[in-house]
Amino acid sequence: MASFNTIAGCVLASALFAMVVGKVSNAVVHPHKLDKPALAVTDDAPAAATAAAPAAIEIPPIGPKLAGANVEAGKALFQKQCFSCHTVDKGGANKVGPNLWGIVDRPKASHAGFGYSSALTAKGGNWTYEDIDHLIFKPNAYVRGTKMAFAGLPKEQDRADVIAYLRTMADTPAPLPK
């Protein structure tokens, strides 16, 4: 059994060792003090940050790409990227997202039986090729507050192919833009 003196000696020796190591390391390494603070903290910073509106995302018109779009490639992309949330069958059921049969020129937020976000409902108008392009490019940038949890399709040709495929999912496909 260790005596009190042995335990006290070990504790004091450890403390002395830590103090010596600290002094030696401070002598070897000289920390550089910053000339100014790395983070500026002010009372008006949050107000300035919220005052600026996010910049609109500019993407080229999709119309010229639609003329040469590949419907089969669009179908494959739809089945890979979109089918887990959407159906395209005539009279098909809603999934996590609404059924997309006849989406081109259909009024926004109008498919029966689907609970759309208030942000998309407020958007109004009919789905144009450009609207669909903007939505599938970056859904949350097109409709802030959308329920659509999809990162988007960054490649213009992929979007054109998917839109060309969706166009065929209608009794009478909408005419292509000029």
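The values are calculated or read from the model by the stated rules, or taken from the named source; none is laboratory data. Note that this is a predicted model, so its numbers are computed, not measured. When we count neighbours, we look across all protein chains shown, and the Cβ atoms used for this are built from the backbone with ideal geometry, even at glycine.
If I ask for residues that are loosely packed, with under 10 Cβ neighbours inside 10 Å, among the aliphatic types (A, V, I, L, M) and assigned to a helix (DSSP H, G or I), which ones from region 19-29 would you list?
Of everything in region 19-29, those that are loosely packed, with under 10 Cβ neighbours inside 10 Å, among the aliphatic types (A, V, I, L, M) and assigned to a helix (DSSP H, G or I) turn out to be A27, V28.
Yes/no per residue for (1) small (G, A, S); (2) more than 24 Å from E72 (Cα to Cα); (3) free of Cβ contacts under 8 Å to residues at least 40 places away in the same chain:
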| residue | (1), (2), (3) |
| --- | --- |
| D89 | no, no, yes |
| Y116 | no, yes, yes |
| D131 | no, no, yes |
| N140 | no, yes, yes |
| G145 | yes, yes, yes |
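Within the set of pairs 6 or more residues apart or between chains, which connect a residue that is assigned to a helix (DSSP H, G or I) inside region 1-18 to a residue that is among the hydrophobic types (A, V, I, L, M, F, W, C) with Cβ atoms less than 9 Å apart?
C10/A2
Can you name the residue in region 116-139 that is more than 14 Å from A164 (Cα to Cα) and charged (D, E, K, R) and is also farthest from the chain's Cα centre (by Cα) among such residues?
Filtering region 116-139 for residues that are more than 14 Å from A164 (Cα to Cα) and charged (D, E, K, R), the one farthest from the chain's Cα centre (by Cα) comes out as K123.
Among the residues of region 125-133, are any touching a Pro at 6+ places or on another chain (Cβ under 7 Å) and surrounded by fewer than 18 Cβ atoms within 10 Å (Cβ to Cβ)? Explain how you work it out, then say what you get.
The first filter runs over region 125-133 and keeps only residues touching a Pro at 6+ places or on another chain (Cβ under 7 Å), leaving 126, 129-130.
Cutting the leftovers down to surrounded by fewer than 18 Cβ atoms within 10 Å (Cβ to Cβ) gives us 126, 130.
The answer is yes; a qualifying residue exists.
Which condition does A109 not pass, out of (1) on the phi < 0 side of the Ramachandran plot; (2) hydrophobic (A, V, I, L, M, F, W, C); (3) in contact (Cβ under 8 Å) with a residue 12 or more places away in the chain, if it passes all the others?
(1)
Report the residue count in region 119-146 for those that are farther than 20 Å from K80 by Cα and not in a helix (DSSP H, G or I).
To start, the set of residues in region 119-146 that are farther than 20 Å from K80 by Cα comprises 119-131, 140-146.
Adding the requirement that they be not in a helix (DSSP H, G or I) leaves 124-128, 143-146.
Residues that pass the stated criteria total 9.
One residue is enough: does region 159-178 have a residue meeting the conditions among the acidic types (D, E), under 15 Å from P61 (Cα atoms) and crowded, with 20+ Cβ neighbours inside 10 Å? Give the steps one after another, and end with the answer.
Start the filter on region 159-178 by keeping residues that are among the acidic types (D, E), which leaves 161, 171.
Adding the requirement that they be under 15 Å from P61 (Cα atoms) leaves 161.
Checking which are crowded, with 20+ Cβ neighbours inside 10 Å leaves us with 161.
Within region 159-178, one or more residues are among the acidic types (D, E), under 15 Å from P61 (Cα atoms) and crowded, with 20+ Cβ neighbours inside 10 Å.
Do any residues in region 62-81 that are under 14 Å from L153 (Cα atoms) have Cβ atoms under 6 Å from those of residues that are in a helix (DSSP H, G or I) and among the small types (G, A, S), where the two are at least six apart or on different chains, and which pairs are they?
From residues that are under 14 Å from L153 (Cα atoms), the pairs are I62/A160; G74/A164.
For (1) among the aliphatic types (A, V, I, L, M); (2) within 22 Å of G91 (Cα to Cα), each residue gets a yes or a no:
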position: A141; (1), (2): yes, no
position: F150; (1), (2): no, no
position: L166; (1), (2): yes, yes
position: M169; (1), (2): yes, yes
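Please verify whether region 147-166 includes one or more residues that are modelled with pLDDT of 95 or more, over 25 Å from the mean Cα position of the chain (by Cα) and outside any loop (DSSP other than H, G, I, E, B).
no
Kindly indicate the residue of region 30-75 that is closer than 21 Å to M148 by Cβ and either surrounded by 10 or more Cβ atoms within 10 Å (Cβ to Cβ) or in contact with a Pro (Cβ under 9 Å, 6 or more places away or on another chain) (or both) and also modelled with the lowest pLDDT among those meeting that condition.
I57
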